[in-house]
Amino acid sequence: MTNGPQLRLGESLLPGILAVALFGVMAMIALNTGFADEMVGFPEGISVTSEIGYALFDFTALQSTEGSIGNTEPFLVSFLLVAVVLDAALDAALVLAKRETEGKPIAALSSVSTGDSASTQPAATDGGAEDGSSRSSGGEQR
Amino acid sequence: MNVPIEYFVLLSMALFSIGLFGILTRRNALMFLMSVEIMVNAANINLIAFALYHGNLTGQVFALFVMALAAAEVAIGLGIILVLYRNFRDVDVTVPTTMRW
Amino acid sequence: MTYELIAFALFAFVTLASALGVVLLADPWHSALMLGVTLVSVAVYYVMLAAEFVAMMQILVYVGGVLILITFAVMLTQRDDADVDETDEVVQT
Amino acid sequence: MEGLFDYAPAIALFPLAAFVIALAFGPKLPKKGAIPGIVATAGSLALSLAMVAAVAGGEEGYYHTTLFTWAAGDAAGEVGEGIEFTFGILIDPLAALMLVIVSLIAFLVHVFSLEYMNAEGETGLPRYYAGLGLFTFSMLAFVYADNLLMAFMFFELVGLCSFLLIGFWFRTRSAPSAAKKAFLVTRFGDYFFLIGVVAIAATFGTLQFAGDDSFVAAAEAAIDDGGQLFGFDAETWVTITGLLVLGGVIGKSAQFPLHTWLPDAMEGPTTVSALIHAATMVAAGVYLVARMFGYYALSPTALAIIAFVGGFTALFAATMGVVKDDIKQVLAYSTISQYGYMMLGLGVGGYVAGVFHLMNHAFFKALLFLGAGAVIILMHHEQDMWKMGGLKNKAPVTYYTFLAGALALAGIIPFSGFWSKDEILYDALIVGTEQPLIMAAYAMGLLAVFFTGFYTFRMVFLTFHGEPRSDVAEDPHPVGWAVKFPLIALGVLAVVAGVANLAPVAKLTGLEIEFLNEWLSSGVEGTTYVAYTDALAAVYDTGYIGTESTTVLIAAGLSLLLAFSGAGLAWKLYNVPEPVAHKERLGSVRETIESNYYQDEYQVWLAEGLTLPLARAADRFDQTVIDGTVNGVSSVSLFGSDRVKRIQTGIVTNYAALIVTGFIALVIVLGVLGGWFL
């Protein structure tokens, strides 16, 4: 697969007009909105990274009190929630990726095929081939 | 900071629309995933630009969260795509149409 | 007209062009590569916007994690009937 | 004495218990449920008498309590606020009197049934006794109801029971039809009653009969205010609602034009007829008028209508009674006529007279019906008077008691019917001297006295006098004590009940012997005779012909003269060994009268010619327009969804495109509205 990059153009781009239209509408709104010229910015001499850390872990006592950056909300709960979500996503990805052979999970990642590798059948979601044989098709192995 | 905020907003809008364009025109599930990543990044640019604009770190923290969630989303999306591929031998989203009338 | 503005314009061009590349290129593999370019260039804005930590995370998480996952998936689902036999679709990881 | 009132609910609950027992265990009981019924009604009678004593001896002279509130709301009426629906008991002198009458008649009817029904080997006796029990229960509860809604509910229950009992012999052809007719005709009246109840509740926010928060008091206050109710003058509105309630009364009390069901109701057992005519069903209507008399007293128009309808019905029904051959039919028309008198009496403001006649009529009409039942037993279930005759010597007890009842019915001095009827006519006369309309009603009532005398004695002579005209009349079936005891008890009452209120004698001699007047003068403030007299003073002027004494004498003399002449004519025509029908002399009128003035025909014509096409048109309208609209809506929806579901292609890209389209539209709309595009 070393062919050069090719653009994919043609009829299928037609729905993209919607996206362009959305950009037009949003751009009009943005251009008509009067933003103040100067940004507030962060005060000099403090570490933004440490401030983020304090905010993430609710270290309100450590947050710099001078300057305008101190009004960041605490985020510990959100942080923990995101951690849980990440964990759940990891598990879910594993569940989705693994296959089962007659109710028994087999390794999601394996370099050797466990059955005869001459499968011509498309695999079924619940593992196993459609003809019911206990081969895990050596189709796509990871 | 000399770049006006409108530029960032416009940039993020353009990026968002490009991502949307990808979703609307492509049929490959992987392209969906990538387009969504582009859209998420567009939102992140907005968040961070306004964080600076308002002098408030909340936007940055949120951007971090968004990144984490995007990573999770990619993990899940990848699993889904693999199942899709396993069932249909293809990653074309127009092939699985069992949930239609 | 400052340097920053010039830099912004340049990187905006890079970002948008590579993003368009992502959605327009025919081969998902190429798209994934263009996505990498996009993500890295987005990190530049973060640095410009005084969010060095977020920029770092962008590189680490996106380019280091997400992009790798995506390329992974691209390769797993790569189908080229002319080259690869249906029954022996072992993809080099 | 006051503590006795705590047992008041039991008066109605006894018969209810009898109903349950008869229904559940009737077939296994020795007399098929008669014994529990007799015991229960005897208990009710005893308690009712105790109530009378308690009312007479108590401090307050009445008993009013709310047993159960089953709905209370904050919805405000036009006047007053917070409607409450309750079950309560109101025992004032009027209710106590009526309780005694009802339970007494019910008791005697139960006893009579022992022979009339049980001895005949009827089937379905438990059903019969259950029906009687429920009937008595409903009527007693209706009598002591303390509010209009409760009264209405038991009013309806009474109607249902009459339906069940009239249709007792449901295997015949005529009985179910008669039951259905009774049910439908009274229901037609009750329909107006229901509207009236709702209107009164919505207007005054209360349905209590008595007390400070009664709708009567509220109406009086509203009229004094001179305000508007629902866009009418207060008095006009009171008249309208009063007349709506009167619709139920006319249906139940068989007043013109809803009287047609009553003669047909003869299809039920004679005992049931006695109960219906004397104490329960028909009496309910008149009792209701007496119960809310204060309300009607506020409206001269309503009173005049009541009086006129009463007077007209009295004459109208009496003429029809003249030509009937069936003994029960004659009595049925006399009932309609007598209730016409009561309505006349109440309508002209003769509250005491109306109630008095209600009481007397209960006694003598129950007597006459039970007497007729006895005759029917004697005659082996033959009801045609032309096949009777000569029973006088063979059944003396029946004859003399029946004669007492007949004399009372005809209004012959000194039997009870004379006193009450004369009082009604006297009240009508003194009002009539000032009001031409009442005078017309009075004239009709007076004329009816003649016909009453005539048909009553025609019946007596044909039944008991002369020679036997059939084999069974020569050898009648004997009757036992269960028949004789009620007849004698009622016969005595029919003779002496007039003593309760010898108004003419009192007026002529100045003696204080108007006991019923005094009895009804106590009770809840605002529902007493005295209060009504005050209220009526504003409505009716009264005049005398000469002095009061001469007026009394003229009224009594006129009615006596007519009664005697009617009776005398009957004597002349029918008290002969071989009487013949004299209908031919009536000529062309005869046909009309025999057909009951074509009342049934025109009502059937109304139903078939007017209501049926109307109902058909409504049905067609419903089938085509309403259903068409509904079906149209659903088919549009079906068709539309059949098209719209094709949006759901299952292709994610299309969904995304739809979402984006919607979002763009939303942003544009919001932007235009919010001025984001300026």
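D:D471 meets all of the listed conditions (1) surrounded by fewer than 24 Cβ atoms within 10 Å (Cβ to Cβ); (2) at pLDDT 85 or above but one, namely (2).
Identify, from the list D:L409, D:L403, the residue that is open to solvent by 10 Å² or more (accessible area, probe 1.4 Å), under 19 Å from D:Y574 (Cα atoms) and out of contact with any strand residue (DSSP E or B) (no Cβ under 6 Å at 6 or more places or on another chain).
Working: D:L409 fails: open to solvent by 10 Å² or more (accessible area, probe 1.4 Å).
Every option except D:L403 fails the conditions.
Any residue at all in the stretch D:229-236 that's among the β-branched types (V, I, T), at negative phi and surrounded by fewer than 19 Cβ atoms within 10 Å (Cβ to Cβ)? Step through it out loud before you land on a result.
In the first step, residues of the stretch D:229-236 are kept if they are among the β-branched types (V, I, T); the result is D:236.
Those still in the list that are at negative phi too: D:236.
Going one step further and asking which of them are surrounded by fewer than 19 Cβ atoms within 10 Å (Cβ to Cβ), we end up with D:236.
Yes: the stretch D:229-236 contains one or more residues that are among the β-branched types (V, I, T), at negative phi and surrounded by fewer than 19 Cβ atoms within 10 Å (Cβ to Cβ).
In the stretch D:417-442, the residues that are over 24 Å from D:A497 (Cα atoms) and in the same structural domain as D:A404 (by TED's automatic domain parsing) form Cβ pairs under 7 Å with partners that are of a type outside the set (F, W, Y) and open to solvent by 30 Å² or more (accessible area, probe 1.4 Å), at six or more places apart or across chains, as follows: D:I430/D:T542; D:V431/D:T542; D:G432/D:M439; D:T433/D:I545; D:E434/D:D541; D:E434/D:T542. Pairs linking a residue in the stretch D:622-646 that is under 21 Å from D:L658 (Cα atoms) to a residue that is surrounded by 11 or more Cβ atoms within 10 Å (Cβ to Cβ), with Cβ atoms under 6 Å and 6 or more positions apart or on different chains, are D:K645/B:W101.
Would you please name the residue that is nearest to D:G675 (Cα to Cα), looking only at residues in the stretch A:19-33 that are in contact with a Ser or Thr (Cβ under 8 Å, 6 or more places away or on another chain) and open to solvent by 40 Å² or more (accessible area, probe 1.4 Å)?
If we filter the stretch A:19-33 for residues that are in contact with a Ser or Thr (Cβ under 8 Å, 6 or more places away or on another chain), which is where we start, we get A:19-20, A:22-23, A:26.
Okay, now just the ones that are also open to solvent by 40 Å² or more (accessible area, probe 1.4 Å), so A:20, A:23.
On the way: A:V20: 22, A:F23: 18 Å.
For the stretch A:19-33, the residue satisfying everything is A:F23.
Against the list (1) within 10 Å of chain A (Cβ to nearest Cβ); (2) modelled with pLDDT under 85; (3) touching a helix residue (DSSP H, G or I) at 6+ places or on another chain (Cβ under 8 Å), the condition B:S17 fails is (2).
When D:G349, D:G285, D:G242, D:G294 are checked against the criterion of being in a loop (DSSP other than H, G, I, E, B), touching a residue at least 12 places away in the same chain (Cβ under 8 Å) and farther than 24 Å from D:L606 by Cα, a single residue qualifies: D:G349. Is one or more of the residues making up the stretch D:388-405 in contact with an Asp or Glu (Cβ under 7 Å, 6 or more places away or on another chain) and over 14 Å from D:G491 (Cβ atoms)? For the stretch D:388-405, residues in contact with an Asp or Glu (Cβ under 7 Å, 6 or more places away or on another chain) and over 14 Å from D:G491 (Cβ atoms): present.
Do we have D:I250 as under 30 Å from D:A71 (Cα atoms), among the aliphatic types (A, V, I, L, M), assigned to a helix (DSSP H, G or I) and open to solvent by less than 40 Å² (accessible area, probe 1.4 Å) here?
Judged against the criteria, D:I250 is a match.
Name the pairs whose Cβ atoms lie under 9 Å apart, with the first residue in the stretch D:543-571 and touching a residue at least 12 places away in the same chain (Cβ under 8 Å) and under 13 Å from D:F454 (Cβ atoms), the second surrounded by fewer than 22 Cβ atoms within 10 Å (Cβ to Cβ) and β-branched (V, I, T), and 6 or more positions between them or separate chains? Taking only residues 6 or more apart or on different chains, the pairs are D:A563/D:I412; D:A563/D:I413; D:F564/D:I412; D:A567/D:I412.
Of the residues D:V524, D:V530, which is in a helix (DSSP H, G or I), among the aliphatic types (A, V, I, L, M) and more than 22 Å from D:M444 (Cα to Cα)? Lay out the reasoning, then the answer.
On the way: D:V524 fails: in a helix (DSSP H, G or I).
The conditions single out D:V530.
Every residue, every condition in (1) modelled with pLDDT under 80; (2) small (G, A, S), yes or no:
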residue	(1), (2)
D:G453	no, yes
D:T456	no, no
D:M459	no, no
D:P478	yes, no
D:L493	no, no
D:S521	yes, yes
D:G526	yes, yes
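Residues checked against (1) surrounded by 11 or more Cβ atoms within 10 Å (Cβ to Cβ); (2) at negative phi; (3) within 14 Å of chain B (Cβ to nearest Cβ); (4) not β-branched (V, I, T):
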{"position": "D:A617", "(1), (2), (3), (4)": "no, yes, no, yes"}
{"position": "D:T629", "(1), (2), (3), (4)": "no, yes, no, no"}
{"position": "D:V633", "(1), (2), (3), (4)": "no, yes, no, no"}
{"position": "D:R643", "(1), (2), (3), (4)": "no, yes, yes, yes"}
{"position": "D:R646", "(1), (2), (3), (4)": "no, yes, yes, yes"}
{"position": "D:L658", "(1), (2), (3), (4)": "yes, yes, yes, yes"}
{"position": "D:F677", "(1), (2), (3), (4)": "yes, yes, no, yes"}
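Note on the stretch D:474-521: residues that are open to solvent by less than 30 Å² (accessible area, probe 1.4 Å), of a type outside the set (A, V, I, L, M, F, W, C) and assigned to a helix (DSSP H, G or I) amount to 5.
If I filter the stretch D:576-584 for residues that are in the same structural domain as D:V322 (by TED's automatic domain parsing), among the acidic types (D, E) and loosely packed, with under 12 Cβ neighbours inside 10 Å, do I get at least one hit? Looking through the stretch D:576-584, at least one residue is in the same structural domain as D:V322 (by TED's automatic domain parsing), among the acidic types (D, E) and loosely packed, with under 12 Cβ neighbours inside 10 Å.
Looking across D:I412, D:I377, D:I424, one residue alone is at pLDDT below 85 and part of a helix (DSSP H, G or I). It is D:I377.
Scan the stretch D:47-58 and tell me whether some residue there is over 24 Å from D:L164 (Cα atoms), of a type in the set (V, I, T), over 22 Å from the mean Cα position of the chain (by Cα) and surrounded by 14 or more Cβ atoms within 10 Å (Cβ to Cβ). Walk me through how you get there before you give the answer.
At the first step, the residues of the stretch D:47-58 found to be over 24 Å from D:L164 (Cα atoms) are D:47-58.
This time we only want the ones that are of a type in the set (V, I, T), so: D:52, D:55.
Of the ones still in play, those that are also over 22 Å from the mean Cα position of the chain (by Cα) are D:52, D:55.
If we keep only those that are surrounded by 14 or more Cβ atoms within 10 Å (Cβ to Cβ) too, we end up with D:52, D:55.
Yes.
Assess whether B:G55 counts as being at the interface with chain A (Cβ under 8 Å from one of its Cβ atoms) and modelled with pLDDT under 90.
It is true that B:G55 is at the interface with chain A (Cβ under 8 Å from one of its Cβ atoms) and modelled with pLDDT under 90.
Taken across the stretch C:50-68, residues that are in contact with a Phe, Trp or Tyr (Cβ under 7 Å, 6 or more places away or on another chain), assigned to a helix (DSSP H, G or I) and surrounded by fewer than 23 Cβ atoms within 10 Å (Cβ to Cβ) do occur, with at least one present. Restricting A:P5, A:P15 to residues that are at pLDDT 80 or above, touching a helix residue (DSSP H, G or I) at 6+ places or on another chain (Cβ under 6 Å) and surrounded by 13 or more Cβ atoms within 10 Å (Cβ to Cβ) narrows the list to A:P15.
The values are calculated or read from the model by the stated rules, or taken from the named source; none is laboratory data. Not measured: the values here are computed from a predicted model. Virtual Cβ from ideal backbone geometry, glycine too; neighbours counted across all protein chains shown. The area values use the complete protein model at the heavy-atom level, side chains included, leaving out ligands, DNA and RNA. Shrake-Rupley method; radii C 1.70, N 1.55, O 1.52, S 1.80 Å.
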